[in-house]
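**Student:** Here it is, the structure in full.
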Amino acid sequence: MVLEDNVSNSTLNRRDFIKCVGVGGAAITVMGCSSNSDSAAAEGKPHYVMVFDQNKCVGCGRCKEACNTANNLPEGMARLTLERQTDRVPGAVCPECGKTDCNCDRKYVRVSCQQCQNAPCVMVCPTGAAYRDEKTGIVTMDDSKCAGCKYCITACPYNVRQINSDTDVAHNCDFCLHSKLAKGELPGCVQACKYDALVFGDANDPNSFVAKLLAVKDSQRIRPHLGTDPSLRYIAINKPEI
């Protein structure tokens, strides 16, 4: 996966996510679509976003554990993962410590549903099971309507949807819409992060912390040229100039 706009050419270990795009969603044209976030703002509706700060994440995995618990996921499944990135060639000497097996350049990136404003999964779902919640604008699932056809999985250009082995229903990270958010709480992963690497809120509310953060911090989205308009934003590690 590549974080675009101002990011280094770091690569992920997870092959499928490196490909990231276009294979499954090639039949869907989303370029040129107007953003749902723009229409939501015009109508006074919220646009919930999550910001992942790569500078603060230590890869502890507490976010993943909290997500699994909050959403009662079966063993071996997860709606989010953390992938480790590195710019170093294997075996190369670290310029900071002089070793070849150190963690000086350790950095992680969150891999999960991008909560697209122009979501291909919603567009292709024949039963309406994959839909955008009217109140929050969050892409989620109606389990009772899912036929298990996997159209949404094929259409997702980020390869982050899957079939829940317990329910045989497709699922995705929906910011804990039906668990934590339904109780007025923050998503489980945000609550569990001890390092403030995750921030969640309404980007359409100028007084929200997340809106103020995005106003002053450079952030990137994965493959913005696809026109899916992701709501998951990344603050990448910026190396100081020499």
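The values are calculated or read from the model by the stated rules, or taken from the named source; none is laboratory data. Predicted, not measured: the structure shown is a model, and the values here were computed from it. No Cβ is skipped: glycine too gets one built from the backbone with ideal geometry, and neighbour counts run over all protein chains shown. We work out accessible area using only protein heavy atoms, side chains counted, and drop any ligands, DNA or RNA first. Shrake-Rupley method; radii C 1.70, N 1.55, O 1.52, S 1.80 Å.
**Student:** Got a number for the accessible area of residue 212? Probe 1.4 Å, square angstrom, nearest 10.
**Tutor:** About 110 Å², ignoring ligands and nucleic acids.
**Student:** Taking H placed 1.01 Å from N in the peptide plane, check which residues at least 5 places from residue 130 or on another chain put their amide H under 5 Å from its amide H.
**Tutor:** The list, which skips near neighbours in sequence, is 142.
**Student:** Starting from the 7 Å offset along Cα-to-Cβ, what nm value, one decimal, do you get for the label separation of residue 145 and residue 62?
**Tutor:** Those two pseudo-labels are separated by 3.7 nm.
**Student:** Right, next: Taking 0.36 nm per intervening residue step and subtracting the Cα-Cα distance, what contour gain separates residue 43 from residue 182 on full extension?
**Tutor:** Between residue 43 and residue 182, full extension yields an extra 47.8 nm.
**Student:** Related question: At 1.4 Å probe size, put 107, 135, 194 in order of accessible surface, largest to smallest. It would help to have the intermediate numbers written out before the result.
**Tutor:** Values: 107 15, 135 165, 194 140 Å².
From most accessible down to least: 135, 194, 107.
**Student:** Report the extension gain between residue 194 and residue 163 in nm, rounded to one decimal, defined as 0.36 nm multiplied by the number of residues separating them, less their alpha carbon distance.
**Tutor:** So the chain would gain 8.2 nm between residue 194 and residue 163.
**Student:** List the lysines whose Cα lies under 18 Å from the Cα of residue 107, skipping any in the same chain that are fewer than 8 positions away.
**Tutor:** 56, 64, 99, 194, 239
**Student:** Sorting check: for 126-132, 65-71, which peptide has the highest mean count of neighbouring beta carbons within 10 Å, and how do the rest follow?
**Tutor:** Details: 126-132: 17.0, 65-71: 18.6.
So the peptides 126-132, 65-71, ranked by packing, come out 65-71, 126-132.
**Student:** Using the Karplus curve 6.51 cos²θ - 1.76 cosθ + 1.60 with θ = phi - 60°, what ³J(HN,Hα) values do you get for each residue of the stretch 197-206, in whole Hz, with x for Gly and Pro?
**Tutor:** For the stretch 197-206, the Karplus curve yields 7, 10, 10, 10, x, 8, 5, 7, 9, x Hz.
**Student:** Pull up the cross-link candidates among the lysines for residue 150, meaning alpha carbon to alpha carbon under 22 Å and not fewer than 8 places away within one chain.
**Tutor:** The qualifying lysines are 19.
**Student:** With the full set of protein chains in place, find how many percent of the accessible area of the stretch 131-242 is carbon and sulfur; take the probe as 1.4 Å. Mind dumping the intermediate values first?
**Tutor:** On the way: 2820 of 5790 Å².
Carbon-and-sulfur percentage of accessible area, whole number: 49.
**Student:** Got a sec? What order do 209, 52 fall in by accessible area at 1.4 Å, biggest, i.e. largest, first?
**Tutor:** Working: 209 135, 52 5 Å².
Ranking 209, 52 by accessible area, largest first, yields 209, 52.
**Student:** Send over a whole-number figure in Å² for the accessible area per residue of the stretch 139-207, probe 1.4 Å.
**Tutor:** 48 Å²
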